[in-house]
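Just below is one structure, and these are the notes that go with it.
None of the figures in this text is laboratory data; all of them are computed from the coordinates on show. Just so you know, these numbers come straight off a predicted model, no measurement behind them. Glycine also receives a Cβ, built like all others from the backbone with ideal geometry; neighbour counts cover every protein chain displayed.
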Amino acid sequence: MQRKTRILIIEDETAIRNGLVDVFVFHGYEVASAAEGPEGLDLALRGTFDLILLDVMLPGMDGFEICNRIRAEDPEQPIIMLTARTGDEDIIQGLSLGADDYVAKPFSVAQLVLRVQAVLRRSHIGMDMDKHLRLDEELELDIRNLSGRRGKEALSFTRREMDILQYLAAHSDRPVSREELLNKVWGYARHLDLETRTVDIHIAKLRRKIEPEPSHPRHLTTVRGAGYRLLT
């Protein structure tokens, strides 16, 4: 018998937490929940979850610290952060720590379910590419181990960052739009009309890792009005 997909919800607002538990149980998931930061981190590190919904503002330990601690243990754990703090700094911080995406409160429950399904779908799909990706003589990436090297400097990547690089490398003959990346890498349906800076923030993170001068990229370039292109 195939096991159910397991989700952990870490959210301190009782009404939201209970509502999300009910929604995902209704959709066939096995759900665990926590109302405080330390309890949520303990569950996340002890359990085996296919995805974690993580609120930013939590008693005892905030979502940023929890995300950072989870990532140190498991770089591939899918995480979606829930936040009422929609300022750029908070969003950038969450994604920089390795969250796959963020959802701003108040949110549409139906859209949240679709975004959870999309992240889960992408986390179970591997792209059929070589184990290594070389961008130039100094820069080589180890896809399976989420690592790389630029000269003598060791690099580490999240699963989402490597998925972006893989997809761009597979289509390096042309620019790839934000919408296409959301559809093909994140798995979001094209008709969702998402208001999200997830792609732009991930691209900025990648440039800080792979570019000698991130403000003047030579590998991961922007094609104005068309999207992004990886020059291999």
Practice problem: Could you give the size of the charge dipole of the stretch 1-51 about its Cα centre, using +1 on the Cβ of each K and R and -1 on the Cβ of each D and E, expressed in debye and rounded to the nearest 20? | Solution: 340 debye
Quiz item: Going toward the positive end of the dipole of the stretch 2-98, with +1 on Lys and Arg Cβ and -1 on Asp and Glu Cβ, which of G98, P78, L41 do you reach last?
Solution: P78
Practice problem: Provide the gained length on full extension for the span E39 to V109, in nm with one decimal, where the gain is 0.36 nm per separating residue minus the Cα-Cα distance. | Solution: 22.8 nm
Practice problem: Mind ranking 20-30, 47-57, 92-102 by how tightly packed they are, going by the mean number of other C-beta atoms within 10 angstrom, highest first? | Solution: 92-102, 47-57, 20-30
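Taking the Cα centre of the stretch 159-232 as the origin, how large is its charge dipole in debye, to the nearest 20, when only Lys and Arg (+1) and Asp and Glu (-1) carry charge on their Cβ atoms?
The calculated dipole for the stretch 159-232 is roughly 160 debye.
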Practice problem: Would you mind working out the magnitude of the charge dipole of the chain relative to its Cα centre, with +1 at each Lys and Arg C-beta and -1 at each Asp and Glu C-beta, to the nearest 20 Debye? | Solution: 680 debye
Quiz item: Roughly speaking, what is the centre-to-centre gap between the stretch 216-230 and the stretch 20-70 when only Cα atoms are used, to the nearest Å?
Solution: 36 Å
Exercise. Give the angle, between 0 and 90 degrees and rounded to the nearest 10, that separates the Cα long axis of helix 63-73 from the longest principal axis of the Cα atoms of the chain.
Key: 60 degrees
Quiz item: Fully extended, how many nm does the chain gain between R178 and A15 (0.36 nm per residue separation, minus their Cα-Cα distance)?
Solution: 55.3 nm
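Counting each DSSP H run of 4 or more residues in the chain as -39500 (n - 2.57), what helix-only mean residue ellipticity at 222 nm follows after dividing by all residues, to the nearest 500 deg cm²/dmol? Don't jump to the answer; show the numbers that get you there.
Working: 8 runs with 90 residues, N = 232.
-12000 deg cm²/dmol, from helical runs alone.
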Quiz item: Could you give the angle, 0 to 90 degrees to the nearest 10, between helix 14-26's Cα long axis and the longest principal axis of the Cα atoms of the chain?
Solution: 80 degrees
Quiz item: Which of E11, E161, E137 moves most in a GNM of the chain, Cα contacts under 10 Å?
Solution: E137
Exercise. For the pairs K4/K105; K131/K209; K184/K205, note any where the Cα-Cα span goes beyond 22 Å.
Key: K4/K105
Quiz item: What FRET efficiency would be calculated for the residue pair R6, D200, taking the C-beta separation as r and a Förster radius of 30 Å, to the nearest 0.05?
Solution: 0.45
Self-check item: Calculated from backbone phi, Karplus (6.51, -1.76, 1.60) coupling profile of the stretch 203-220 in Hz, x at Gly/Pro
Solution: 4, 4, 4, 5, 5, 5, 8, 9, 9, x, 10, x, 6, 10, x, 10, 9, 9
Exercise. Calculate how steeply helix 159-170 sits against the longest principal axis of the alpha-carbon atoms of the chain, using the helix alpha-carbon long axis, and give the answer as 0 to 90 degrees to the nearest 10.
Key: 40 degrees
Quiz item: What are the residues whose amide H is under 5 Å from the amide H of Y102, where those residues sit 5 or more places off or on another chain and H is modelled from the backbone?
Solution: M81
Quiz item: Within the stretch 158-172, whose backbone N sits under 14 Å from a point 7 Å along Cα→Cβ of D74?
Solution: 159
